[in-house]
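Below you'll find the structure, written out as structure tokens, and then a few comments.
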2 protein chains.
Amino acid sequence: MNAGGERAVAARLAQALLAPRAVALVGASGDPAKNTARPQRYLRQHRYAGRVVLINATRSELFGERAWPDVASAPDPIDHAFVMVPAADVEEVVAACAARGIPLITIYSDGFAESGPEGAKRQQRIVDIARAGGSRVIGPNSIGTIVPPRGVALTVNAVLDMPKITSGRLGLVSQSGSLIGAILSRGEARGIGFSALVSIGNEGDLSVGDVADMLVDDEHTDAILLFLETIREAPRLARACRRAAGAGKPVIAYVLGQSELGRELAATHTGALAGSAEAMAAWLDAQGVVRVDQFETLLEITPLLRQARPPGGHRVAVVTTTGGGAAMVVDRIGSDDVRVVGPPPEVVAQLAAQGIRIGAGPVTDLTLAGTRREVYAAVLDAYLASDHCDTVLAVAGSSAQFHPQHAVEPIVAADRRGKWLAAFAAPQADAALALFARAGVPAFRTPEACADALRALARWREPQDAALPTGDEIPAVASASALLARYEAGSCDEAQARSVFAALGLPQGDWRVVVDASDRDPLPVPAAVKVLSPDILHKSDVGCVRLDCVNEAQARSAFGEVLAAARRAMPESRIRGALVQRMETGLGEVILGFRHDPQTGPTIVVGAGGTLAEVYRDVVVRPAPVSPDEAARMVDAVRGLAPLRGFRGAAAGDLAALCRAVRRFSLLACVEGIRILEAEINPLLVRAAGAGVVALDGVLVTTEVVAA
Amino acid sequence: MNAGGERAVAARLAQALLAPRAVALVGASGDPAKNTARPQRYLRQHRYAGRVVLINATRSELFGERAWPDVASAPDPIDHAFVMVPAADVEEVVAACAARGIPLITIYSDGFAESGPEGAKRQQRIVDIARAGGSRVIGPNSIGTIVPPRGVALTVNAVLDMPKITSGRLGLVSQSGSLIGAILSRGEARGIGFSALVSIGNEGDLSVGDVADMLVDDEHTDAILLFLETIREAPRLARACRRAAGAGKPVIAYVLGQSELGRELAATHTGALAGSAEAMAAWLDAQGVVRVDQFETLLEITPLLRQARPPGGHRVAVVTTTGGGAAMVVDRIGSDDVRVVGPPPEVVAQLAAQGIRIGAGPVTDLTLAGTRREVYAAVLDAYLASDHCDTVLAVAGSSAQFHPQHAVEPIVAADRRGKWLAAFAAPQADAALALFARAGVPAFRTPEACADALRALARWREPQDAALPTGDEIPAVASASALLARYEAGSCDEAQARSVFAALGLPQGDWRVVVDASDRDPLPVPAAVKVLSPDILHKSDVGCVRLDCVNEAQARSAFGEVLAAARRAMPESRIRGALVQRMETGLGEVILGFRHDPQTGPTIVVGAGGTLAEVYRDVVVRPAPVSPDEAARMVDAVRGLAPLRGFRGAAAGDLAALCRAVRRFSLLACVEGIRILEAEINPLLVRAAGAGVVALDGVLVTTEVVAA
């Protein structure tokens, strides 16, 4: 298909989802107590203007409206079919929909990928049938779609019993079906409306990214909210995020599955693959997604759609009439990303000239005595006009409820001058929150959500460009790819792994392979002697490593010992000799890891060496490759490397060499012709500043050759 | 005063605070725009039935009511005087109140301890004057007191402009004045009422504990809420918490100052002493306080007052109609204290016999299909009746808003059988929350507050008895006390510190003091040689330590070197020779610390050795002394000690000896006649299982002798 044809198909699909002229309810029930009777009722209640085509195998009338016995006999046109029949009947219905050329089929029925491998096969079959006929599928296991501006209440979600739904400028895509109702109703209560809410279900065909992409082009949508349990189609979501940023539409995500149990639940709930929570978070950050940690922040942060770019800094100025109220927010930020800043002397002086005396401390507490419009407005204005901060947090105390003139109105009226402004009211203050909502000021009901939003803002960046190889990295990657092409797929032996790492420019120290006891070539001593086998990954555990061989004689005798130990412990393993490597000393150890994450793809991990990475989960994860700058930020973020940074007078390590190694290692993401599943250097020894780093071990696992 | 007399005084004070027959407003204003005009208006609006005595220096009438020129001329009786005059005039007013025998004086005026040392002196003076006359003081810097059952709206807090305040069963004591308004109004919106709300101000006289103690005896109060920034009078609060537990009234606390900046803010806000956040949290836990982390949890958890005892376990069963909604809660628990448990086979079978098929997974998701009263009620009932869990979390999905019959009503109607039951509704569901509130079911608006409450419940314990010395610990403590009595107050030298630690039963290895180069007695070798001086705490930093002296000759030469280094580096220091100690080896290092925390008193710290404790904040803090069981829990909670516990095949350390050392070290809290400000063993070397522990260093700092 040419580009014009693709655009036309995409436009037709978006129209079917967001502005359908007619929807079909396949399996609509005539029993008002049944869930499957709801969509008809909701579409009428919320004044859907298009046609509703009812399909019921046995009844020709449902609640006074005509029904058809099957999809084939229903009248044209149908843009969107909502399928509620039992799982066993879905295939037939989908085939009928596809045969009629219905562009979009949402499957509410469950019993597919989320129920196990058999269900996954059934799911794939119906998706294949649909696509063969030119139809696309949302679900299975989707609770439906709601498009408030057009009254499309095409869902079984019970919150649609609400008398009316308010249209707004937020589009939501959710992997949890019931949550579209929860979010809609919570927004409604706050005067926050939606342009669309889509339950994406199992993502058998259309994924979160596909729908987000439609919302980028939707004229009713200014910001895109994601409720995520996993990422199934990272490239499509990445593309949507980049296009959203280009269109000035922020993407905001709440992610389930931060805890181990949470991940397990997310996985069983919709049949998602379990991946690393840290990798997912880092990946979303890299796509320019605003990532929030608290549920309500997802809604409350949304007035940021008025300022669709990251603040470009993390300095927050705070003005308050309640010390305790402001402290509740500031205390819970708990992130190094946010710095709470007091006013500079010139701002203090400027306010003093207006008769307003404030301190230079990080929180400007006007106290009850300063709870007056002219004082609050002057301080707020001075901060919004000053360069010392990127964001201003305005807190209102007990006045917020019944005396909005003191603090709430100055906040609403403030000239933000392109700066970020967030508000928190300490008491119950529904009217104030509504005022803020109307004025587009992000306002928070709880101090924790407010702190969360400030964290999320500080973390927010533009979508990151892929840090592809440049200069001499290009031949380095080519040479690594060429080496890998010569190896069997699967586990490499350590010599192979080291060769690939060396090709990428990672220092390997002095080492050579000895294949035969009769080998009398010189050996690097003092030496570590390790069996060489692609099948023995944990060599120490089976006695296949000898350290500190002080001379060649000892090393040669160790050669025999480790081979014997390997044959004893793992007789089936392929033994290719031993790797003899010079013993090295340094100031500290680092773990470098690389993994093809099942959700987000190539991922690099930097952690403190020894058991620290595990005991303290002291690792930093990023999508790979990382730029040199990002590599430096990663190294900086590993807490256990503090001694290498000179903590408490320790001798500083060669951090420049370490950062370069991180960058080079991350280029494993760029090798061609083969997918690297996992790689690890554990440990990478860091020497004193200027003396470099050296790999003490190496693991590399690949899969079959991947088509270009 | 005898006990009967004390009780009478206490009763009179409690009556003055919670049921005053007459209140005086000293400094009441006739200008309705002024804050000081508010209390008169609020008392009338909220129908205070007692007399309001207005005192204004220049006006004889305020808003149609008679005013008196000063305290002396006002009519009897006055139970509670609320003082709003400028700081400079407070002393005179307090003297007049005391002279008249007014039992309670609340000072709203600021400019006292929170403003600096001069203010602290002024504060002490007015408290002295009040107490000399038999009066007690709340404040200064108190925004006032509200007693809803009696209409006592004795405050300038602007939320009192609310048309009416609902009485309830919660008593609040807050160190933040403006927060009493925030909490009152947020409770009002949820149908949660109060018996009393007291802004305690600077605690110049009456402290949080004193007011909490009155609430223990208050017939209108069933639970006591604390909004805390610091703890100024730990013993009095400890006593109140113990009495509250005895009376079956839970104490629930929200604590500001968890972050460094938060602590700083709390400190500047009311002039509180900065102490350790961890010590404060551990101290509150030990007093049997329910400690919550999120602001709204403070209110939402309160229906627990119906079940005034800790659940006695941490196993949570979860039933839900929304997988995503339940996962949001479970995912955010993030605590090892809580274990989410699935149903045992017999419960699964019992439900199957009723035709209800559930999985054995940790979260029982009934899905939309199971959103029916009979299903929800049966599962809930089976869990509440089963021994596999201590708490049941019941989650309602989209049905909660318009179809309470499906899930909300079964939760409300459930027979809890003494078990804990908590509810979370995923959508906006105000009516459901109100239903829960009326039924006394703790219900949560946000998944985070719900997770917080489950954490707080699991952490909640009965008040801990002081783990005083028993058996041979008694003479050990006596002997340590006797040694300390012979030392000068202040820093001990290492030999003195070691002698005290040895007296308590902490293994010190082989060591002796050499005072003179001519000393030819045998030395323990291989040796570490360290200068002995109470003035040189960081000996290594100034070159005053020589390690690995392999024989006596080397040790003797090191003796001269370290003394010379000390004289060079710190010529003013008292040098008492050198400490020669045998070099020791072991499996791991631990830091033991002891500190007299300015807020909570004796405190013990156990941490991982080396730089880990600092880099990872990997320390566990408890009030001292700790029981042997608590010592074991502390050791278990230090993550960096994983290798000593055998992590990844490491040889296990002598944890029994380590736990014993923790217990013994904590007995420093029990020495008599002197206060130990700080003590440290860094490191304590842990040898292999059975081989014990040994102190490698020792620091001890005391203050002047304390009167018994």
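The values are calculated or read from the model by the stated rules, or taken from the named source; none is laboratory data. Not measured: the values here are computed from a predicted model. Heads up, the Cβs are rebuilt from the backbone with ideal geometry, glycines too, and the neighbour counts pull from every protein chain shown. For accessibility, only protein heavy atoms count, side chains too; no ligands or nucleic acids. Shrake-Rupley method; radii C 1.70, N 1.55, O 1.52, S 1.80 Å.
Among A:SER185, A:SER195, which is the only one that is of a type in the set (S, T, N, Q) and either touching a Ser or Thr at 6+ places or on another chain (Cβ under 6 Å) or part of a loop (DSSP other than H, G, I, E, B) (or both)?
A:SER195
Show me the helices (runs of 4 or more DSSP H) entirely contained within the stretch A:290-404 in which 2 or more residues are in contact with a strand residue (DSSP E or B) (Cβ under 6 Å, 6 or more places away or on another chain) and at the interface with another protein chain (Cβ under 10 Å from one of its Cβ atoms).
Counting at least 2 such residues, we get A:323-333.
Answer yes if at least one residue in the stretch B:161-172 is crowded, with 24+ Cβ neighbours inside 10 Å and within 14 Å of chain A (Cβ to nearest Cβ), and no otherwise.
yes
Any residue at all in the stretch A:142-149 that is buried (at least 24 other Cβ atoms within 10 Å of the Cβ), among the hydroxyl-bearing types (Ser, Thr, Tyr) and either without any contact (Cβ under 8 Å) to a residue 60 or more places away in the chain or under 30 Å from A:GLU6 (Cβ atoms) (or both)?
yes
May I ask you to list the residues in the stretch B:605-627 that are away from every other protein chain (no Cβ under 12 Å), outside any loop (DSSP other than H, G, I, E, B) and open to solvent by less than 20 Å² (accessible area, probe 1.4 Å)?
Listed by number, the residues that qualify are B:VAL606, B:GLY607, B:VAL620, B:VAL621.
Tally up the residues in the stretch B:238-263 that are within 14 Å of another protein chain (Cβ to nearest Cβ) and open to solvent by 10 Å² or more (accessible area, probe 1.4 Å), please.
Selection size over the stretch B:238-263: 6.
Can you name the residue in the stretch B:440-459 that is away from chain A (no Cβ under 14 Å) and open to solvent by 20 Å² or more (accessible area, probe 1.4 Å) and is also nearest to B:CYS389 (Cα to Cα) among such residues?
Among them, the one singled out is B:ALA458.
State the number of residues belonging to the stretch B:372-390 that are within 37 Å of the chain's Cα centre (by Cα) and either on the phi > 0 side of the Ramachandran plot or open to solvent by less than 10 Å² (accessible area, probe 1.4 Å) (or both).
Residues that pass the stated criteria total 5.
Could you tell me whether A:SER491 is open to solvent by less than 70 Å² (accessible area, probe 1.4 Å), touching a strand residue (DSSP E or B) at 6+ places or on another chain (Cβ under 8 Å), hydroxyl-bearing (Ser, Thr, Tyr) and in contact (Cβ under 8 Å) with a residue 24 or more places away in the chain?
Answer is yes for this residue.
Quick check on my filter: what residues within the stretch B:478-488 are open to solvent by 10 Å² or more (accessible area, probe 1.4 Å) and in contact with a Leu (Cβ under 9 Å, 6 or more places away or on another chain)?
Listed by number, the residues that qualify are B:SER479, B:TYR487.
Please work out which one of (1) in a helix (DSSP H, G or I); (2) buried (at least 22 other Cβ atoms within 10 Å of the Cβ) is the condition A:SER557 fails and give its number.
The failed condition is (2).
Out of the stretch A:308-365, which residues are within 20 Å of A:LYS419 (Cα to Cα) and of a type in the set (Ser, Thr, Tyr)?
A:THR320, A:THR364
Specify which of the listed residues (A:ALA661, A:ALA656) is closer than 26 Å to A:ARG582 by Cα, of a type in the set (Gly, Ala, Ser) and open to solvent by 50 Å² or more (accessible area, probe 1.4 Å).
After ruling out the rest, the residue left standing is A:ALA656.
Here are the criteria: (1) more than 14 Å from chain B (Cβ to nearest Cβ); (2) more than 11 Å from A:GLY201 (Cβ to Cβ); (3) at pLDDT 95 or above. Tell me which single one A:VAL156 does not satisfy.
Checking A:VAL156 against (1) more than 14 Å from chain B (Cβ to nearest Cβ); (2) more than 11 Å from A:GLY201 (Cβ to Cβ); (3) at pLDDT 95 or above, the one that fails is (1).
Scanning the stretch A:571-582 for residues that are open to solvent by 60 Å² or more (accessible area, probe 1.4 Å) and part of a loop (DSSP other than H, G, I, E, B), which turns out nearest to A:VAL694 (Cα to Cα)?
Among those that are open to solvent by 60 Å² or more (accessible area, probe 1.4 Å) and part of a loop (DSSP other than H, G, I, E, B), it is A:ARG576.
Where residues in the stretch A:302-361 are open to solvent by less than 50 Å² (accessible area, probe 1.4 Å) and among the charged types (D, E, K, R), which of them is nearest to A:ARG455 (Cα to Cα)?
A:ARG332
Limited to the stretch B:198-231, what total is found for residues that are in a loop (DSSP other than H, G, I, E, B) and surrounded by fewer than 24 Cβ atoms within 10 Å (Cβ to Cβ)?
The total comes to 7.
Could you check, for the stretch A:303-321, whether at least one of its residues is in contact with a helix residue (DSSP H, G or I) (Cβ under 8 Å, 6 or more places away or on another chain), at pLDDT 95 or above and not aliphatic (A, V, I, L, M)?
Yes.
Name the single residue, out of those in the stretch B:394-409 being in contact with a Leu (Cβ under 7 Å, 6 or more places away or on another chain) and open to solvent by less than 10 Å² (accessible area, probe 1.4 Å), that is modelled with the highest pLDDT.
Across the stretch B:394-409, the extreme among qualifying residues is B:ALA394.
Return the only residue of B:ARG663, B:ARG595 being away from chain A (no Cβ under 14 Å), touching a Ser or Thr at 6+ places or on another chain (Cβ under 8 Å), modelled with pLDDT of 90 or more and part of a helix (DSSP H, G or I).
It is B:ARG663.
Filtering the stretch A:143-153 down to residues that are of a type in the set (Gly, Ala, Ser) and either within 12 Å of chain B (Cβ to nearest Cβ) or part of a strand (DSSP E or B) (or both), which residue is farthest from A:SER195 (Cα to Cα)?
Looking at the filtered set, the residue picked out is A:GLY144.
Considering only residues that are closer than 23 Å to A:ILE575 by Cβ and not aliphatic (A, V, I, L, M), look in the stretch A:497-508 and name the one that is nearest to the chain's Cα centre (by Cα).
That would be A:PHE501.
Report, by residue number, each residue of the stretch B:628-649 that is open to solvent by less than 40 Å² (accessible area, probe 1.4 Å) and in contact (Cβ under 8 Å) with a residue 12 or more places away in the chain.
Correct list: B:GLU630, B:ALA631, B:MET634, B:VAL635, B:VAL638, B:GLY640, B:LEU641, B:LEU644.
Within the stretch B:1-20, can you find the residues that are open to solvent by 60 Å² or more (accessible area, probe 1.4 Å) and closer than 25 Å to B:SER109 by Cβ?
Matches in the stretch B:1-20: B:ARG12 only.
Go through the stretch A:405-431 and report how many residues are within 11 Å of another protein chain (Cβ to nearest Cβ) and either in contact (Cβ under 8 Å) with a residue 24 or more places away in the chain or on the phi > 0 side of the Ramachandran plot (or both).
8
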